[in-house]
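Each value in this text was obtained by applying a stated rule to the coordinates, not by laboratory testing. Here the structure is a predicted model, which is why all the values come from computation and not from measurement. Here the Cβ is made from the backbone with ideal geometry for all residues, glycine too, and neighbour counts use every protein chain on show.
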2 protein chains.
Amino acid sequence: MPENTTKRQTANLSEIAEAAGVSKMTVSRVLRDKDGFSEATRQKVMLEVERLGYLPNRIAAAFGQTQASTLIGVCVPRLSNHFFGLALESIDRTIQSLGFLPVIGSHNQVLQDEEAWLKSILSWRPAGVMLSTKHHSNTTLQLLRDAGIPIVEFWELSTSPLDMSVGFNQFDSGFQMGRHASIKGYSRAGILGASHVVEARRPEHIEGFIKGFTDGGGTIVHHDVLNDAESFYAGFYGTETMLNRSESIDMIYYQDDTMALGGLSWCQGKSIRIPDDVGLAGWGGHEATSILRMELTTTSIPTHLIGKLSAEALVRKLRSERTEDVTAVPTRLIDGDTL
Amino acid sequence: MPENTTKRQTANLSEIAEAAGVSKMTVSRVLRDKDGFSEATRQKVMLEVERLGYLPNRIAAAFGQTQASTLIGVCVPRLSNHFFGLALESIDRTIQSLGFLPVIGSHNQVLQDEEAWLKSILSWRPAGVMLSTKHHSNTTLQLLRDAGIPIVEFWELSTSPLDMSVGFNQFDSGFQMGRHASIKGYSRAGILGASHVVEARRPEHIEGFIKGFTDGGGTIVHHDVLNDAESFYAGFYGTETMLNRSESIDMIYYQDDTMALGGLSWCQGKSIRIPDDVGLAGWGGHEATSILRMELTTTSIPTHLIGKLSAEALVRKLRSERTEDVTAVPTRLIDGDTL
DNA sequence: TGGACAAACGTTACCGGTAACGATAACGTT
DNA sequence: AACGTTATCGTTACCGGTAACGTTTGTCCA
């Protein structure tokens, strides 16, 4: 079906114009709903647009004027990460409903990949860019500066953003859980994390937990970082390893909920009483924790809200409407049954 | 930083040309590595390109000729689905490495949304399109036909594709499991599925399982479809409900591995012996099933391979190289410990 | 009745690349 | 030395929209 040789062209403005007996400028005006045409000509034009199946040519439109296109670049660390997947769905819907087209990419936590992606998207002169990590290469920063377009950093909150920032305070979310655990009477915690990238920096909610827990008088007894994905299995076996090594800990703080669920599963299999023998706390807010008989104590992250607000902030800026540079969305500590 | 009024322009070909003392056509040739220039001028040009920080303008390039852009549209049902996330990562990497830019979208199993997305992307005159579902609206089909560009359908295999298809035979994957279970001696199966879309059609691997199992003499005793996401919890509680209702079933086939893990977890909590009391089988191939003490019996889907092969097939077609219209990738039945 | 004014169009120029073709110089060949 | 060939480079035209501006027509009021 696709003929690489002679490309079948869909009708363009000139053909519509000719068919409707007007100039192509009038057709352009009708399609963009700018004023300067009568109702009669509008109907004539729209008839031909329907009949000929006109598809707008955004390339020509974006090329015409020196200003930017209707593309918006969106870059996340990983597409297979559930949290970013949820945020992306929200961003995708919001951006499209506002008349732009998201161009989604990922960098897998490699700065050079982010840089390469940015160059690709900038060569398409996007209207704006959305990034989800705080740390960028110098070249990336320079490219962003030179582009002169609105930028939203949208996952972890940045109090001194490049341009705009929408997100939550990751450190605080961990800090609150640390303090919460401390108040509940726990004093000897194990921390179970996982990362497939060896040199990855420690997530800030874990830093926050350590601060909150130790401030309350608690002690971090173990801190294991498995060289693995943050999976159910990692939580399952990490818990076994940690609890077998030392009976002296009275709670475990997990890097995320999936791992916590693995830990919970292991404990239930061993008839360990939760939260009496051991307390468990996760992070992230799994979509359906509340239907579990034993509700997981965790921190809920409003992925949907972050996506919506960040996309809206960007578009408002594009329309030269007033916007906040920094929008903090609250995380919510869910005081469940496991701690 | 972003000035909406006077847009800061990065250098264009003319400025590079003037700085290097050549024509802009020569600069164009150097940058695209077409021949027609000497090594000396190449160095002169590249020096200025570096110095002025030239960013190619793909909009102008795509506009210049009547042919398509370097954009490739990719549409999946959901961005938060782990399987598609994995496939997308593979597609993203492959497409970018071949010099194109993927434009990822989702339709959430709503035909009109797919249609709207397609119109958006087609208005950018993409070089090709990749779709991951078999069923499309009539308008979608018409749009694809008229576009005259290569199309890859890339998840479930289609033996009569619109253009090209890369994927696995979903029915067969279930059929094999059904036959496998039958041969192992199971005869009374329960099926546990889930879908948040009420009117969704039944997944084909479940159809296949039914055929394979009943062909071998087995009976499908229960078939529950929870109105929920395919989650760990859905598997956990669905299993409880199903086993409490009737003791007569000797195995459960789950819609996916996450649900199967939930079921496994529930059974372990109740000290039900797997696979003696009840056999369990999943679908999808979770990334780390092999490290679990009890390896889940399931069907592994090569998400990474599908992504890579489908992106490569599309690009080969774009380059007018020979390609297969239908590429079947095999699923693998993992004969684990739970069945 | 003429002139101011606005609505409803058409004309022109331009965006930044690239294909096609033309021009020049260098080089080899007989 | 005359000629053909090739490498290297410049010139021109064009892609499909849109901003800016010009033109026509109609309307309304002094």
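A few points about this structure:
- Candidates A:98, A:79, A:305, ranked by Gaussian network fluctuation over chain A, Cα under 10 Å, top entry: A:98
- When DSSP beta bridges are restricted to pairs lying wholly in chain A, around 10% turn out antiparallel.
- Residue A:146-residue A:184 FRET efficiency (beta carbon distance; Förster radius 51 Å; 0.05 resolution): 0.50
- Peptide B:100-106 - average C-beta neighbours from other chains (10 Å radius): 6
- 3J(HN,Hα) couplings calculated from phi for region A:129-142 with the Karplus curve 6.51 cos²θ - 1.76 cosθ + 1.60 (θ = phi - 60°) are, in sequence order, 9, 10, 10, 10, 10, 8, 9, 9, 6, 4, 4, 4, 4, 5 Hz; Gly and Pro show x.
- Magnitude of the charge dipole for region A:119-239, about its Cα centre and with charges confined to Cβ atoms of Lys, Arg (+1) and Asp, Glu (-1), is about 100 debye.
- For A:183, A:149, A:252, order by how many other beta-carbon atoms lie within 10 Å, fewest first: A:183, A:149, A:252
- Per-residue [θ]222 nm for chain A (sum of -39500 (n - 2.57) over DSSP H runs n ≥ 4, rounded to 500): -13500 deg cm²/dmol
- Likely footprinting exposure, A:337, B:224, B:276, fewest C-beta neighbours within 10 Å first: B:276, A:337, B:224
- Within region B:172-243, chymotrypsin sites (Phe, Trp or Tyr not before Pro) in DSSP loop having at most 14 other beta-carbon neighbours inside 10 Å: none
- Sequence-distant residues sharing a close amide H with residue A:326 (under 5 Å, placed H): A:165
- Normalised by the number of residues in chain A, the mean separation of alpha-carbon contacts (under 8 Å, six or more apart) gives a relative contact order of 15 percent.
- Dipole axis of region A:38-134 (+1 Lys, Arg; -1 Asp, Glu on Cβ), positive-most option in A:53, A:72, A:43: A:43
- Across region B:180-195, rounded Karplus estimates of 3J(HN,Hα) from the backbone phi angles (6.51 cos²θ - 1.76 cosθ + 1.60, θ = phi - 60°) give 4, 5, 4, 5, 5, x, 6, 9, 10, 9, x, 10, 10, x, 7, 7 Hz, Gly and Pro being marked x.
- Distance from the Cα centroid of region A:37-71 to that of region B:49-112 is 24 Å (rounded to whole angstrom).
- Peptides ranked, highest mean first, by Cβ atoms within 10 Å: ranges A:260-268, A:110-118, A:296-304: A:260-268, A:296-304, A:110-118
- Counting Cβ atoms of other protein chains within 10 Å of each residue's Cβ and taking the mean over peptide A:258-265 gives 3.
- Region A:155-260: GluC sites (Glu not before Pro) in DSSP loop, at most 16 other beta carbons within 10 Å: A:199, A:247
- Around the amide H of residue B:339, modelled in the peptide plane, lie the amide H atoms of B:280, B:297, all under 5 Å away and 5 or more residues distant in sequence or on another chain.
- Given +1 at the Cβ of Lys and Arg, -1 at the Cβ of Asp and Glu and no other charges, the dipole of region B:103-170 around its Cα centre is 120 debye to the nearest 20.
- Spacing of the modelled spin labels on residue B:273 and residue B:14, each 7 Å from Cα toward Cβ, amounts to 8.5 nm.
- Taken residue by residue and averaged, Cβ atoms of other chains lying within 10 Å of the Cβ of A:80-91 number 5.
- For residue A:74, distant residues with modelled amide H under 5 Å away: A:103, A:104, A:105, A:130
- J(HN,Hα) series, region A:232-238, from Karplus relation 6.51 cos²θ - 1.76 cosθ + 1.60, nearest Hz, glycine and proline x: 3, 5, 4, x, 4, 7, x
- Dipole axis of the protein assembly as shown (+1 Lys, Arg; -1 Asp, Glu on Cβ), positive-most option in B:244, B:13, B:130: B:13
- The protein assembly as shown - share of DSSP beta bridges that are antiparallel (%, nearest 5): 10 percent
- For region A:38-162, averaging the sequence separation of C-alpha pairs within contact (under 8 Å, six or more residues apart) and dividing by the residue count gives a relative contact order of 25 percent.
- For chain A, a simple Cβ point-charge model (Lys and Arg +1, Asp and Glu -1, everything else neutral) yields a dipole of about 1100 debye relative to the Cα centre.
- Checking every one of the trypsin sites (Lys or Arg not before Pro) in region B:229-279 against DSSP loop status and a limit of 15 other Cβ atoms within 10 Å picks out B:270, B:273.
- Exceedance of the 19 Å cut-off in Cα-Cα distance is limited, within the set A:34/A:317; A:211/A:270; A:184/A:211; A:184/A:270, to A:34/A:317; A:211/A:270; A:184/A:270.
- Lys/Arg +1, Asp/Glu -1 at C-beta; the protein assembly as shown dipole; positive extreme among A:265, A:142, B:167: A:142
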